[in-house]
Amino acid sequence: MRKTLKKAAVVGVSVLALSGVAAGVAQAGERQGADIVGKGNLQDCINWGKALKAQGKITNYACMVGSKPGTFELTPFYAT
């Protein structure tokens with residue numbers, strides 16, 4: 001039983017370590033910029049993000065509904 005628990009612990013730690021390495025590698029290519037607040041709905045944010053990406057100004061983006069009514073927050077990601 002001890003061998004089984006040790007093996008399970010080693011496998012669990014290995015999976016966590018590999019997950020952390022994979023996440024670090026995935027994030028290494030991009031740098032997150034400061035949120036940009038805009039007026040409009042979520043679709044307006046998506047449209048703006050797509051336009052910035054198409055122009056090559058950002059590599060990716062994320063959109064959230066803003067804290068005030070009728071606003072959104074666009075999070076830009078830049079190449080490192």
(request) Please list the non-local residues whose amide H lies under 5 Å from the amide H of G40, H modeled 1.01 Å from N, same-chain partners needing a gap of 5 or more. (result) T71, F72
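Ignoring ligands, DNA and RNA, how do L52, L42, L74 rank by accessible area with a 1.4 Å probe, largest first? Provide the component values of the computation, followed by the final result.
Working: L52 25, L42 75, L74 0 Å².
From most exposed to least exposed: L42, L52, L74.
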(request) Determine the gain in length on full extension of the stretch S67-R31; use 0.36 nm per residue of separation and subtract their C-alpha separation, reporting nm with one decimal. (result) 10.6 nm
(message) Under the rule of at least 5 residues apart or a separate chain, name every residue whose amide H is placed under 5 Å from the amide H of G33.
(response) F77, Y78
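The values are calculated or read from the model by the stated rules, or taken from the named source; none is laboratory data. All values derive from a computational prediction rather than experimental measurement. These accessible areas exclude ligands, DNA and RNA; they are computed on the full protein's heavy atoms, side chains included. Shrake-Rupley method; radii C 1.70, N 1.55, O 1.52, S 1.80 Å.
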